[in-house]
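Some notes on the structure that comes next.
Values in this text are rule-based calculations from the coordinates and carry no lab data. The structure presented is a predicted model; accordingly, all values stated were derived computationally and were not measured. Every residue, glycine among them, receives a Cβ derived from its backbone with ideal geometry; neighbour counts consider all protein chains shown.
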Amino acid sequence: MAPNAGRPARTKQRRGEGQWALGYREPLNPNERSKKDDHPLNVRARIENIYARGGFDSIDPGDLRGRFRWYGLYTQRKPGIDGGRTATLEPEELDDSYFMLRVRLDGGALTTDQLALLGEISQTYARDTADITDRQNIQYHWIQVEDMPTIWKKLEDAGLTTMEACGDSPRVILGSPVAGISKDEVIDGTPAIEEIRRRYVGDPQFANLPRKFKTAISGQQDVAHEIHDVAFVGVEHPEHGPGFDVWVGGGLSTNPMIAQRLGAWVPLDEVPEVWAGVIGIFRDYGYRRLRSRARIKFLVKDWGAEKFREVLETEYLKRPLIDGPAPEVPERPIDHIGVHQQKDGLYYVGGAPVAGRSSGSMLIAAAKAAERAGSGRVRLTPQQKLVVLDVPETEVDGLKAELAEAGLQTEPSPWRRNVMACTGIEFCKLAIVETKARAEALVAELEQRLAGIQDGLDNPVTVHLNGCPNSCARIQVADIGLKGQIVTDDEGNQVEGFQVHLGGGLGLDAGFGRKLRGHKVTSAELTDYVERVVRNYLAGREDGERFAQ
Ligand code: SF4
């Protein structure tokens, strides 16, 4: 008989994880100390009253590398700092005196006036940079602190904000780019997104979280809900009708995890309350000792979905939730590219830049084209694309031509359509390799080399490029995920390259790509590698077989 047979298993005692609800109020790392010393939202007044007047050198380092993020500001990387040396440099050595600025666009929703304004701000203050991120934001570069009061005034006069675009806060809420107009959605989540934003964005009670907190709300499965801290996914309840299925604890980066269903159905008007309960649990029980374990996914993994739901119901909502069914998974990924009829008979038209690379000029051209076609609304997508809504049928062809001229193709090749890239070494201080320009070259080269066979790709092959081990471009859920790192080439030189992850996906194939030993490729050989993988897949697959199967 085994020595421990018959005895209850001993629970391993964890050291304190810095959970406020368990009494760990004393900050346990420098980030927590910084947030306790001064509330991050207070930095706005200092930027307007002190730093905008005194310039970059007047900025307190604690604000510069910490609290600025709560208003969407990061210092960008000094131009020309080589990726291979990054590990030997202190963070401040990489700081440029220019900033990246993120404008949060909840649900990716914009009027054409707002889109044109974002373009004008880019041209005036950001050297015509304005990338579309995979979180439906617009991201500027080359911003100077002196210009921030004017930029905020222009944005806020138009109903836009950078508040909590970054930082340990509730970040932009992803929403369906076709919410309210799609024939395929179970329910329109827009009112819930707007209400959460109205009640809670900038609310000090949720502005000091253990780490960032990402939300997705959609009436259909087009927002990568499986990899969010909290997600509300449209589902039809057999008794109660359309509402949302609640998921918690997803996330990528290191230690990627797929979110877990709570098995609870929530009606539209209760989504903000349930959201506040989930983020409240994260604030109170989230792990604050180590930044590397601070995302809500670690708490959900330790507790499990059942305990999480129980705490949500008993301590936060003070009532039980209704049990609900799982949503049906669509057969194909949804990206809204091309021309589609809306439920009101008008059309929406989705156009693709390359890997989100956009500009102020592109945004202005898209806004003018949309207005000429009779539209007043656009949405950005979680795939780094732009969709024009409410287009009459007679205007569709003209709009398609104008968008293409602006750099937004509505009938893109599979490569342009399915390649995504993060910011990379051009501007990001954490980056090890170039990504955006590499993605652009990859798309152009694959369009040439695979022109004869790309029509055979009835199931798309997604290729995502990251500049470092973080996963801003969601590499673990791509068919071909590329994690930037320094690799050794055939001559023994240390050069830019990628660790390959193969076979990840969302939806039907939700799971993480396998990191194959030895599958490392130099940046220069990347196109050869992707071409080889795609040709092998097409040659060896069964009819209709997807890449991840
Ligand atoms: Fe920067 Fe890395 Fe994120 Fe790319 S993945 S934007 S390199 S932090």
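Quick look at the values:
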quantity: Value of [θ]222 nm, deg cm²/dmol, for the chain, DSSP H segments ≥ 4, -39500 (n - 2.57) each, nearest 500; calculated: -7500 deg cm²/dmol
quantity: Spatially close lysines, pair count over the range 334-478: Cα under 27 Å, gap of eight or more or interchain; calculated: 10
quantity: Gain upon complete extension [Thr394, Glu146; 0.36 nm per residue less C-alpha separation]; calculated: 84.7 nm
quantity: Rounded D (µm²/s) - the range 327-427, Kirkwood Rh over Cα pairs, Stokes-Einstein at 4 °C, 1.567 mPa s; calculated: 93 µm²/s
quantity: C-alpha center-to-center spacing [the range 86-152, the range 209-237] in angstrom; calculated: 25 Å
quantity: C-alpha center-to-center spacing [the range 504-547, the range 416-437] in angstrom; calculated: 19 Å
quantity: Unmatched cysteines, the chain - criterion: no other Cβ of a Cys under 4.7 angstrom; calculated: Cys166, Cys428, Cys468
quantity: Charge context of Phe56, other residues only, Cβ under 11 angstrom, K/R +1, D/E -1; calculated: -4
quantity: Alpha-carbon centroids, the range 330-359 and the range 456-493: separation in whole Å; calculated: 24 Å
quantity: Extent along principal axes [Cα atoms of the range 367-517; Å; largest to smallest]; calculated: 58, 35, 30
quantity: Descending semi-axes in Å of the range 470-549, equivalent ellipsoid built from Cα gyration tensor; calculated: 24, 16, 8
quantity: Environment charge at Pro382 (Cβ cut-off 10 Å; Lys +1, Arg +1, Asp -1, Glu -1); calculated: 0
quantity: Arg532-Asp184 FRET efficiency (beta carbon distance; Förster radius 22 Å; 0.05 resolution); calculated: 0.05
quantity: Relative contact order of the range 202-260, pairs being alpha-carbon contacts under 8 Å that are 6 or more residues apart, as %; calculated: 26 percent
quantity: Principal axis dimensions, largest first and in whole angstrom, of the chain by Cα; calculated: 67, 63, 59
quantity: Ser471 long-range amide H proximity, modeled H, under 5 Å; calculated: Ser253
quantity: Proximal charge balance of Ala326 [Cβ under 10 Å; K/R count +1, D/E count -1]; calculated: -1
quantity: Set of the range 428-464 residues, backbone N closer than 19 Å to the point 7 Å along the Cα-Cβ line of Leu516; calculated: 460-464
